[in-house]
Amino acid sequence: MSVWTVVVAAGDGRRFGSDKSMADLGGRPVVAHSVATASGVSGGVVVVVAPGRIAEVRPLLVGVDGAVEVVEGGDTRSASVRAGLAAVPDGAEIVLVHDGARPLASIRLFERVIDAVRDGADAVVPCTPVHDSLRSPVGGPIDRDNVLVVQTPQGFRASVLRAAHAGSAEATDDATLVEADGGRVVVVDGEIDNLKITSPVDLDVARQLVDARTEADVGEGRIGGGPIRIGQGFDIHPFVDDPDRPLVLGGVVFEGRGLGGHSDADPVAHACTDALLGAAGLGDIGLHFPDSDPRLAGADSLVLLAEAVAIVRRAGWEISNVDCTVVLEEPRLAPRRAQMQDGLEAVIGAPVSVKGKRAEGLGALGRQEGVACLAVALLTRT
């Protein structure tokens, strides 16, 4: 049975104080964690965001495996779910609905919900027991043995969920609508750490849980108390016979033929940009600065690099260092290597090393047809 997931991240963050789905958690936005887990069990994921946020959110989901579509939600949670359902293919047999603000739900929980739907349930709700004492606001205790805490992902037979949402009924969760429509709801075990981020305190707890998981996964692979990420960048440009085209390497203009490209074709700055974005899991230079954008024709690549640095830092990462290897036969970098490094460090705000290597006559680079650069960036959590 084919499975699709609707991830709802269209809230206004009123209780949180800002858009909680965009808050950084372990180097990625909260919603990216939810989408990544959902994609591991789904044929596709529909992410529902607040109106006007599609262009902002879509780049943050680059790198998530599988089909991911981003659509605008409505004024209420139920309206947002209906918007997501409209984007789910008719062939989907099981639909999961998951809160974008529950980033720590495990893939095992998703599978548990799916299995229960396959076993015949109309709707499946993961729940956890209540451990605190409870009282009614109008007076009197509530027996906690008769109460459960409801979580997501909730799972449904697609036809049942579509029928429950055929009107304009509202509810705080979708199983309630299905039950009101006569469907059978089954409860499965939830997860204690599948918390919903509704306040800054929740986010602090989630970050501690993510850090604990990271520590368990990589042991001592941490620097300065935070997890590390490594990214690799590569760029190559051909020489062109255009006397008006300068040869720019690492922001420094060299004597000789220029390189062809949409911007100033600086392979060193481009490789650094790719390495930084890749380490942060934020896509690549083509995503943020496409060569189809006429505004970037002839652009200074150091300006693009500075924008990439700002993007990486907004995602909660600190740049530790960048190491570049430039492969070319000519010109020699050594006389101006220090100038290149100083300029790159001023933009990146971290140590940068630049090395020049010859291709020893091999291939296109050895035939002096172009210049290539490889870069490696190391990031740490701030």
> If only one of Glu345, Glu330 is over 22 Å from Gln232 (Cα atoms) and either touching a strand residue (DSSP E or B) at 6+ places or on another chain (Cβ under 7 Å) or in contact (Cβ under 8 Å) with a residue 60 or more places away in the chain (or both), which one is it?
Replying inline: Glu330
> Got a sec? Which of Asp90, Asp99 is acidic (Asp, Glu) and buried (at least 22 other Cβ atoms within 10 Å of the Cβ)?
Replying inline: Asp99
> Counting just the residues of region 121-131 that are modelled with pLDDT under 95 and in a loop (DSSP other than H, G, I, E, B), which one comes out farthest from Val3 (Cα to Cα)?
Replying inline: His131
> Applying the selection to region 72-109, what residues are β-branched (Val, Ile, Thr) and at pLDDT 90 or above?
Replying inline: Thr76, Val81, Val88, Ile94, Val95, Val97
> Considering region 20-69 alone, what residues qualify as being more than 19 Å from Pro153 (Cβ to Cβ), buried (at least 17 other Cβ atoms within 10 Å of the Cβ) and among the basic types (Lys, Arg)?
Replying inline: Arg53
>> For region 298-382, give me every one of the helices (runs of 4 or more DSSP H) that falls completely inside it and has 1 or more residues that are at positive phi.
In response: 363-366
>> Among the listed residues Leu344, Leu282, identify the single one that is under 21 Å from the mean Cα position of the chain (by Cα) and under 18 Å from Gly231 (Cβ atoms).
In response: Leu282
>> Suppose we filter region 186-200 for residues that are under 19 Å from Val6 (Cα atoms) and either part of a helix (DSSP H, G or I) or of a type in the set (A, V, I, L, M, F, W, C) (or both); how many remain?
In response: 2
> Hey, among the residues in region 241-266 that are within 13 Å of Leu302 (Cβ to Cβ) and not charged (D, E, K, R), which one's surrounded by the most Cβ atoms within 10 Å (Cβ to Cβ)?
Replying inline: Gly250
> Can you name every residue in region 275-297 that is without any contact (Cβ under 8 Å) to a residue 12 or more places away in the chain and in a helix (DSSP H, G or I)?
Replying inline: Gly286, Pro294, Arg295
>> Out of everything in region 132-175 that is of a type in the set (Ser, Thr, Tyr) and modelled with pLDDT of 95 or more, what residue ends up being surrounded by the fewest Cβ atoms within 10 Å (Cβ to Cβ)?
In response: Ser159
> Among Ala171, Ala166, which is the only one that is hydrophobic (A, V, I, L, M, F, W, C), without any contact (Cβ under 8 Å) to a residue 12 or more places away in the chain and outside any helix (DSSP H, G or I)?
Replying inline: Ala166
> So which residues in region 312-328 are among the charged types (D, E, K, R) and either in contact with a Lys or Arg (Cβ under 6 Å, 6 or more places away or on another chain) or not assigned by TED's automatic domain parsing to the domain that holds Glu255 (or both), if there are any at all?
Replying inline: none
>> I'd like the residue in region 190-221 that is modelled with pLDDT of 75 or more and in contact with a Gly (Cβ under 8 Å, 6 or more places away or on another chain) and, out of all such residues, is farthest from Gly100 (Cα to Cα).
In response: Asp211
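The values are calculated or read from the model by the stated rules, or taken from the named source; none is laboratory data. Just so it is clear, the model here is predicted, and its values are computed rather than measured. Glycine also receives a Cβ, built like all others from the backbone with ideal geometry; neighbour counts cover every protein chain displayed.
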